[in-house]
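The values are calculated or read from the model by the stated rules, or taken from the named source; none is laboratory data. Every value quoted in this text rests on a predicted model; they were computed, and no experiment measured them. Cβ placement follows ideal geometry from the backbone for every residue including glycine, while neighbour counts extend to all protein chains displayed. With ligands, DNA and RNA removed, areas are computed over all heavy atoms of the protein, side chains included. Shrake-Rupley method; radii C 1.70, N 1.55, O 1.52, S 1.80 Å.
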Amino acid sequence: AGRIVSGAADNTLKVWSQDTWDCERTLEGHTDHVYGVAGITEMDTGRALLASGSQDTTIKLWDPQNDWALLRTLRGHRGAIRSLKQCGQFLASASVDKSIRLWLISSKSLGQAAGKLIGHSSVVETLASIPQPNGAPPILASASRDNSIKIW
């Protein structure tokens, strides 16, 4: 059965059944509003995971196949996390701190910091991963309150 996960102002994530639309589970761990939620896939194992980003400035990685266990808490941003998106081998996080951070998604280096993208002059609100032809890595796009979209 499929599931949808939502983040909320009560600092939790809710796991919803697509069959019944009932809340199956509440995930706790963030200490402030949860703004970003993204399904991600470990590049080396194919394991499906969930990433959540919060106003508490952290990203949490959850394992839905292991009773929604909290695997890691990622720290590095100095402001709320607004958006999360997998882009190839990376999880990208957009923040109120005007930056985008990249985190590795593989079983051996899950959540390891891999880079920081600087270029916006205001809050980075959202991210998009743009597939490329012929197996080329996807391109990351970001949109900011500075009225720009940047291609990385």
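Hey, does region 131-151 have a residue that's of a type in the set (Ser, Thr, Tyr) and buried (at least 17 other Cβ atoms within 10 Å of the Cβ)?
yes
Would you confirm, using the coordinates I've provided, whether residue 110 is at negative phi, buried (at least 17 other Cβ atoms within 10 Å of the Cβ) and part of a loop (DSSP other than H, G, I, E, B)? Against the criterion (at negative phi, buried (at least 17 other Cβ atoms within 10 Å of the Cβ) and part of a loop (DSSP other than H, G, I, E, B)), residue 110 qualifies. Restricting attention to region 87-107, the residues that are surrounded by 14 or more Cβ atoms within 10 Å (Cβ to Cβ), closer than 19 Å to residue 47 by Cβ and more than 14 Å from the chain's Cα centre (by Cα) total 1.
Quick grid of which residues meet (1) more than 24 Å from residue 106 (Cα to Cα); (2) assigned to a strand (DSSP E or B):
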position	(1), (2)
10	yes, no
16	yes, yes
21	yes, no
24	yes, yes
29	no, no
32	yes, no
37	no, yes
43	no, no
46	no, no
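Taking (1) within 21 Å of residue 143 (Cα to Cα); (2) free of Cβ contacts under 8 Å to residues at least 24 places away in the same chain; (3) surrounded by 14 or more Cβ atoms within 10 Å (Cβ to Cβ) in turn, residue 78 satisfies each apart from (3). If you go through region 58-75 and keep only what is part of a strand (DSSP E or B), closer than 18 Å to residue 4 by Cβ and among the polar types (S, T, N, Q), you end up with nothing.
Take residue 37 and decide whether it is open to solvent by 10 Å² or more (accessible area, probe 1.4 Å), of a type in the set (Val, Ile, Thr) and within 11 Å of the chain's Cα centre (by Cα).
On the way: open to solvent by 10 Å² or more (accessible area, probe 1.4 Å): yes; of a type in the set (Val, Ile, Thr): yes; within 11 Å of the chain's Cα centre (by Cα): yes.
So residue 37 passes the test.
Got at least one residue in region 76-88 being of a type in the set (S, T, N, Q) and either in a loop (DSSP other than H, G, I, E, B) or touching a strand residue (DSSP E or B) at 6+ places or on another chain (Cβ under 6 Å) (or both)? Within region 76-88, one or more residues are of a type in the set (S, T, N, Q) and either in a loop (DSSP other than H, G, I, E, B) or touching a strand residue (DSSP E or B) at 6+ places or on another chain (Cβ under 6 Å) (or both).
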